[in-house]
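Colleague: Have a look at this one before I ask anything.
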Amino acid sequence: MQSPYVYKVRAALEQKWLTYEHVSVNLMEKSKKFLDVAPIGKIPVMEDSDGTIIWDSLNIIDYLDHKYPDTYKMISSYPINRAKELNVVAFTDNMYPDGVKLFLDMRWVKKISDKEKAQAHKNLSTKMNTLKDILWNNPFYTDRFTIADASVLTLTVMLNRLNVEYNQEIKSWSENLLQDEKIGKMITSKWEKSIEEI
């Protein structure tokens, strides 16, 4: 439930006022039940009420925007905004490998050297400055809350948990946005439970 990719899908579901049930997945021991619905072996995967199955957070959000056209759009239709939003998503997705290294090291799953750790911290901090430059003191990356903002928010949550130092302006921006009741629901609390684990 703590996956940044899952958070992005939750952001879309919350903004669209769609009800959903969360099923957790044991990614260390992927079950046959999980692999039957997600043969790519990654989360998130969404099964819609009509049985449609979609993999990958970006695909799920795009599907929800099209299936429920009268709900809040997480990806803009206007080409320039859409391009900017998708560029921000690609940029943040490119940052996760360094974050995953630090996460696995912190959890003692796969230890890395001090040099690798320092390099991962440096890479993440440098890239966060680029995200700050793209934002340009605006409340959102485009004209409203979209997948771009959700992607950066999930990244800041991960970096905070990993104790990575990064741009204070982005940190303040993230804290302010997460104060919004609807946006804040994209992040699971440590007490939230899923309906089952597969």
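Colleague: If the cut-off is 12 Å between C-alpha atoms, which aspartates and glutamates fall inside it for K182, apart from same-chain ones fewer than 8 positions away?
Modeller: E14
Colleague: Continuing with the same structure: Take the alpha carbon atoms of the chain, find their radius of gyration, then divide it by 2.2 N^0.38 Å using N residues; give the quotient.
Modeller: Working it through for the chain, the quotient is 1.03.
Colleague: While we're looking at this one, here's another question. Based only on Cα atoms, what Rg/Rh ratio does segment 79-184 have, Rh being taken as Kirkwood's radius?
Modeller: Dividing the radius of gyration by the Kirkwood radius yields 0.99.
Colleague: What is the gain in length, in nm to one decimal, between I53 and N160 on full extension, counting 0.36 nm per residue of separation less the C-alpha to C-alpha distance?
Modeller: Computed gain between I53 and N160 is 35.3 nm.
Colleague: Quick one: how many lysine pairs in segment 8-77 have C-alpha atoms under 16 angstrom apart, if they're 8 or more apart or on different chains?
Modeller: Here the count comes out as 8.
Colleague: A further question on this structure: Could you compute the FRET efficiency for W191 and F103, with r as their C-beta to C-beta distance and R0 at 22 Å, rounded to 0.05?
Modeller: Efficiency at R0 = 22 Å is approximately 0.55.
Where a number appears in this text, it was derived from the coordinates with a stated rule and is not lab data. These figures come from a predicted structure and were not determined experimentally. Here Cβ is always computed from backbone atoms with ideal geometry, including for glycine, and neighbour counts include all displayed protein chains.
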